[in-house]
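J.: What follows is a structure written as structure tokens; I'll ask about it next.
The values are calculated or read from the model by the stated rules, or taken from the named source; none is laboratory data. All values reported here derive from a predicted model rather than from experimental measurement. FYI the Cβ positions are ideal-geometry reconstructions off the backbone, even for glycines, and counts take in every protein chain you see. For the accessible areas, the whole protein counts, side chains as well, though only heavy atoms, and no ligand, DNA or RNA atoms are used. Shrake-Rupley method; radii C 1.70, N 1.55, O 1.52, S 1.80 Å.
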Amino acid sequence: MNEVPTVAAPAAPMADEEAPAAPPVIVEYRSRRVVLTAAQWKSGIAAWLGWLFDGLDMHLYTLVATPFVAQLLHTSTKDPVVGHKTAWIQGAFLVGWALGGGFFGRIGDVLGRARALSLTILTYALFTGLSFGAQTWWQLLLCRFLAALGIGGEWAVGSALLAETWPRRWRPWIAAVLQTGVNVGVLLACLAVYLLSEFPERYVFLIGIVPALLVFWIRKSVPEPAEWHAARVSAGARVPHVADLFRGSVRRTTVLTIIVCACSLTGWWAFMFWHVQHLRSLPDVASWSDGARTRLVSSAFFLVIGVSILGNFFAAWMARLIGFRRAIAVMCLGFFFTVFGTYAVPRGHESILRWIPWVGFFSGVFGLFTMYLPPLFPTLLRTTGAGFSYNIGRIVAAAGTVFFGLFAKVGDYRAALLSVSFIFIPAMLVALLLPEVPSDAEAPG
């Protein structure tokens, strides 16, 4: 049964203890009381805002890809070259995301979570903003690749920061709340594109500069987790290396995690990118203006991401009920059925808008990865392991995005999107082989 928290009065410090800088908040779960300190709240807010701006910056391009790339190529949106170049740009973005997860994940283990978090946000804010000035498609590709380094790194660092600072018994719900940060960021991207639909597409990238302001607060207010400090002292000169992910008992976990993440992320990103292009190319919207089609895809994004917030909490409830790995398998199965059902037959835009919210609902599975993956790895391999295993799947997703774009007929992506649904089957099966971590009901802390 779900437990409803109640907030009690702050606890008074003992006589021989130093009073905290800010009064903690006590949250009571039946007979269990958990003190949330100011440092925990700050780490939670920093991670959530970092993910919000992740979602904002990552999808600004997706929503304007076709018309903006067509403009850079000085051609029409119906030119097949446009589809190929947009796919390569998105592929480069996903490769950068994967490399950033490993690179900044390593920095997070060596320099600390808060420091690495600041660097990731600065990176993606800077290069998203620079996309505004792109004059050729390859310049846009380079900016998206470099922005993705920061976005991929922020996931690994932010998830480890919360895993090490917030109560373990709350992991499923923390995962759901943290994932809503991404969802809200995507909704803000949709809103920005919708409001700027009558302006040149490049103007939306200026919105991506805003996250840089968050860095000043993080560096001033968010401390490094005590668990990371303790692990650094304990390890001394023996700091684990990336190669240790493929040694001993950790190797099996690393390999299985990569497979699950690679399959699920390939399916999700192929859907997220190509369903937008499919909507733009439908016969029943062919006579619409570019601005009207942009508003249509923005509305579709609102539906998918808005419903995905509900999916986050459904996935969290499933994780409490049957455990993380089984919940991941159930959500991947739901992905298969909904994507298959959406594209099994030709549909107009109104019919598609009724189906795709269900795809968004099952994207709640990605919230589970947030709190499930970091505890699978030792503390000083935590951001390295979670960042590498989760984000290396994006290299496969990048190849998949490019492949489906080249495979699809010009102006008709339905067959490619239908084939995407089958990628979730191996993700479901391999998820059942992963180790389990204690749920919030089982964890002692």
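J.: Are any residues in segment 75-87 modelled with pLDDT of 85 or more and within 20 Å of Val204 (Cβ to Cβ), and if so, which ones?
T.: Val82, Lys85, Thr86
J.: For the condition among the β-branched types (Val, Ile, Thr) and modelled with pLDDT of 70 or more, what is the one hit in Val430, Val402, Val410?
T.: The unique qualifying residue is Val430.
J.: Scan segment 306-329 for residues that are closer than 21 Å to Ile423 by Cα and among the β-branched types (Val, Ile, Thr) and jot them down.
T.: Ile328
J.: Is it the case that Phe93 is open to solvent by 10 Å² or more (accessible area, probe 1.4 Å) and either of a type in the set (Asp, Glu) or part of a helix (DSSP H, G or I) (or both)?
T.: Taking the combined requirement at face value, the residue does not satisfy it.
J.: Another question, if that's okay. Does segment 333-356 include one or more residues that are over 26 Å from Asp54 (Cβ atoms), crowded, with 22+ Cβ neighbours inside 10 Å and modelled with pLDDT of 85 or more?
T.: yes
J.: It is to be established whether one or more residues within segment 198-205 are at pLDDT below 85, over 16 Å from the mean Cα position of the chain (by Cα) and of a type outside the set (Val, Ile, Thr).
T.: Checking segment 198-205: at least one residue is at pLDDT below 85, over 16 Å from the mean Cα position of the chain (by Cα) and of a type outside the set (Val, Ile, Thr).
J.: Ok, one more. Might you check whether a residue that is surrounded by 24 or more Cβ atoms within 10 Å (Cβ to Cβ), within 21 Å of Thr379 (Cα to Cα) and not charged (D, E, K, R) occurs anywhere in segment 177-198?
T.: Yes: one or more hits.
J.: Among the candidates Val276, Val260, Val285, single out the residue that is under 18 Å from Val69 (Cα atoms) and either buried (at least 22 other Cβ atoms within 10 Å of the Cβ) or in contact (Cβ under 8 Å) with a residue 40 or more places away in the chain (or both).
T.: Criteria check complete, one pass: Val276.
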